[in-house]
Amino acid sequence: TFVGPVRVREVFLTPETNFKIGTSELVFTPRDEVIEITPSTKRKLGGMVGDSTAIREVFSIIERVAPTDLTVLITGETGTGKELACRAVHEHSRRAGGDMVVFDCGAAAKTLIEAELFGHEKGAFTGATTERSGVFEQADNGTIFLDEIGELPLDLQPKLLRVLEQREVRRVGSGKIRPINVRVVAATNRDLLAEVRKGNFREDLYYRLAVVEVHLPPLRERMGDIPLLAQHLLTRATHNSHIKGIESAVEGLFLSYHWPGNIREMVNVV
């Protein structure tokens, strides 16, 4: 397969690219495809709860994609439950018996992210007094959740891309390649395509992550779920075990509020 004069094994094509397979020359012209999503009949999936069409469509996508090993990108505002969505993917997958390992790209020190992701050998850098496996190795045969992937420094993005493509890691300070078998789920509250256009995020990494994209609606777009959510959260608030329900006046306040912090804010309020 050739793109121009260059023989390729794998490449991301932009619209109207000429490419050749054997002696046949083709032009890549993408077209929009509308896929109908039938809302799930469930009102709960993993730790996610709701009866609105918006959230039941999310349940339906997760139910369809979870049994595969496809890489998933979960998008949505802060507090919409992206980690819960990842747990739902993991729990309904063939990897449910393995570990789900969470790594927050925005919380780790930038100088240590590579070692946290891929591991390091003893003496690889100052403070590396012992060898340590990274989160990819820890998630072997399970799922790795890369939260706030939009915060990953640009210089580390090619290294992550290589791991996603080759399914192998090399610890910092080591020449040994270690094969890994992981399902990758990433999440962001950023518009990654906008970040690609700004040069802050690699286009090839974006398409590698967004094989399936699941968008979580903000709470203000699923206000009908608030009574069900409030009752669900109340059952989890064990320190308020003497409270058995929510009065209609309180429910009315909940329904009239904008919830800028989404479900995370509602958890705190309840």
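The values are calculated or read from the model by the stated rules, or taken from the named source; none is laboratory data. These numbers were taken from a predicted model, which means no experiment stands behind them. Quick reminder, even Gly has a Cβ in these numbers, built from the backbone with ideal geometry, and neighbours come from all protein chains shown. The protein model used for the area step is the full one, side chains on, heavy atoms only, and it has no ligands, DNA or RNA in it. Shrake-Rupley method; radii C 1.70, N 1.55, O 1.52, S 1.80 Å.
Observations, loosely collected:
- Reciprocal mean inverse distance between Cα atoms of the chain - Kirkwood radius, Å: 21.0 Å
- The alpha-carbon of K176 sits under 29 angstrom from the alpha-carbons of these lysines, leaving out residues fewer than 8 places away in its chain: K110, K122, K159.
- Area accessible to solvent at C105, 1.4 Å probe radius, in Å²: 10 Å²
- Against the chain, whose longest principal axis is taken from its Cα atoms, helix 82-91 shows a tilt of about 80°.
- For GluC sites (Glu not before Pro), the sites in region 12-95 that DSSP calls loop and that have at most 13 other Cβ atoms within 10 Å are E16, E33, E36.
- With the convex hull of the Cα atoms taken as the outline of region 1-59, the averaged projected area works out to 6.7 nm².
- Using the Karplus relation 6.51 cos²θ - 1.76 cosθ + 1.60 with θ = phi - 60°, the per-residue 3J(HN,Hα) values for region 56-73 come to 6, 5, 4, 4, 4, 5, 4, 4, 6, 8, 4, x, 8, 10, 5, 6, 10, 10 Hz, with x marking Gly and Pro.
- Those lysines that a straight Cα-Cα span of less than 21 Å connects to K82, excepting residues fewer than 8 apart in one chain: K42, K44
- Excluding ligands, DNA and RNA, the accessible surface per residue across region 192-234 is 44 Å² with a 1.4 Å probe.
- Cα long-axis angle, helix 157-166 against the chain (0 to 90 degrees, to the nearest 10): 80 degrees
- With 5 Å bins from 0: P(r) over region 77-217, alpha-carbon pairs, percent: 2, 10, 19, 23, 21, 15, 8, 3, 0, 0
- Cross-link partners of K244 among aspartates and glutamates (Cα-Cα below 20 Å; sequence separation of 8 or more within a chain): D225
- Sulfur and carbon atoms: percent of accessible area, region 204-249 [1.4 Å]: 52 percent
- Highest-MSF residue in the chain out of K198, K42, K82 [GNM, Cα springs under 10 Å]: K198
- Max mean-square fluctuation residue, GNM over the chain, Cα-Cα springs under 10 Å, options V65, V89, V11: V11
- Label positions at L112 and L156, each projected 7 Å from the Cα along the C-beta direction, are separated by 1.1 nm.
- Between F19, F103, F59, the residue with the greatest mean-square fluctuation in the GNM of the chain (Cα pairs under 10 Å linked by springs) is F19.
- The orientation-averaged projection of the convex hull spanning the C-alpha atoms of region 165-270 amounts to 11.2 square nanometres.
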